[in-house]
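Below is one structure; the comments refer to it alone.
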Amino acid sequence: MESVENSSMEGSALKVNEGISQPEQVNPKALERFKIKRKPPISTEEYVKGILSGNRVILSKAITLVESINPSHQAIAQEVIEKCLPHSGNSMRIGITGVPGVGKSTFIEALGVHVTSLGHRLAVLAIDPSSSRTKGSILGDKTRMEELSIHPNAFIRPSPSAGSLGGVAQKTKETIILCEAAGFDVIFVETVGVGQSETAVNAMVDFFLLLMLAGAGDELQGIKRGIMEMADAIFINKADGDNRQKANQARLEYKNALHLFPPPESGWTPVTGTCSALSKEGIPEVWETIKQYEALSKENGYFTHKRQQQKSLIMLETIKEYLKNDFYTTPVIQQFLPKIEQEMLNDRLSSYKAAQQLIQLYFEDKKSNR
């Protein structure tokens, strides 16, 4: 500190002397040493090269790009997907759903370990339910699949559902393409299984597996008919110990119920069975059922037909999503939506008339901006 220079204090004994300057508490050289330098962004070519070589770090980063809502990230992601597309399509895609508490994660680990033991490379896309308010997710599936998560031939990617229909992440289809390009020949898509429409699952997989429980109430009312109609196989999990008899009884009930549904387009007769993910009983039979379906559907041409249908459906869904986003981000809609909505709430306009006015404003705006 500098001396206090004050005329009124001249000759006074009160004088503040300069102190000794103290060294910095942290060595600046040490800070430079541990300074984290930002890595340069990865190019599209590097992403594609890394994915095709099976680099899991690059694959994970590419999936993060796909899931990002940042427009610049999306632009890169679409380039990567387009270049990976010719290297995709060589896998068996399996959707796995079921009622909460059925043991999906334990089942997937048991089936996954069996599949990898046969020499297959497995990617598990586990969709976790998201908070409707924060869109956050626990993403705990990796912690529940301890053995599979460290297997060299398995890749587990938990993703938040982010409120998408049926608990399936909107970007799951694009993630499947990247995983296939990385050399994974079996893809599991695990859904939330909270009773929402699982049509979204069926629109991206080849085989739809429904897991059920025995002794959990009225078996046939436990899940919606629409989901049962889509199922290529229904397996009663936790069929072990004292629960075996109940599981077998439930299997018979589902088998009888399936006869009431119209025959599927695939020509496949849906299979019912029992299994125990804990004791591994029935797990090989599940995989054998999937392989039988694959052989039949490829032989009669349905396998290719369904994939073509899925591509068209995804295109139409993407158009709907784009138009919806464009509608709500149009300035004239943002300006008049609250006013028209208020008129509707005050019963001056019907809901249909309000919608009609907004749509008319939207098209007029598009026409004037051509």
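Just so you know, all these numbers are worked out from the coordinates, no wet-lab data involved. Please read these numbers as outputs of a predicted model, since none were measured by experiment. Using ideal geometry, Cβ is built from the backbone for each residue, glycine included, and neighbour counts are taken over all protein chains shown.
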ask   = What are the residues whose amide H is under 5 Å from the amide H of ALA239, where those residues sit 5 or more places off or on another chain and H is modelled from the backbone?
value = CYS275, SER276, ALA277
task = Which order do the peptides 112-120, 337-345 take when ranked by the mean count of other beta-carbon atoms within 10 Å per residue, highest first?
result = 112-120, 337-345
request  = For a footprinting-style exposure proxy, rank LYS367, LYS173, LYS49 by other Cβ within 10 Å, fewest first.
outcome  = LYS367, LYS49, LYS173
query = What is the set of long-range amide H partners of GLU190 at a cut-off below 5 Å, with H atoms built 1.01 Å from backbone N?
reply = ILE96, LEU125, ALA126, ILE127
query = Tell me, what HN-Hα J-couplings in whole Hz come from the Karplus equation 6.51 cos²θ - 1.76 cosθ + 1.60 at θ = phi - 60° for each residue of region 355-360, using x for Gly and Pro?
reply = 5, 4, 5, 5, 5, 5
key: Sites GLU294 and TYR328 - FRET efficiency at Förster radius 30 Å, r taken between beta-carbons, to 0.05   = 0.10
inquiry  = Please rank GLU180, GLU190, fewest neighbouring Cβ atoms within 10 Å first, as an exposure proxy.
reply    = GLU180, GLU190
request  = Compare the peptides 99-106, 326-333, 293-300 by average per-residue count of other Cβ atoms within 10 angstrom and give them in order, highest first.
outcome  = 99-106, 293-300, 326-333
query = What does the charge add up to near GLN309, with Lys and Arg as +1, Asp and Glu as -1, over the other residues with Cβ less than 15 Å from its Cβ?
reply = +2
remark   = Put in order of increasing Cβ neighbours within 10 Å, starting from the fewest, ARG251, ARG56 give ARG56, ARG251
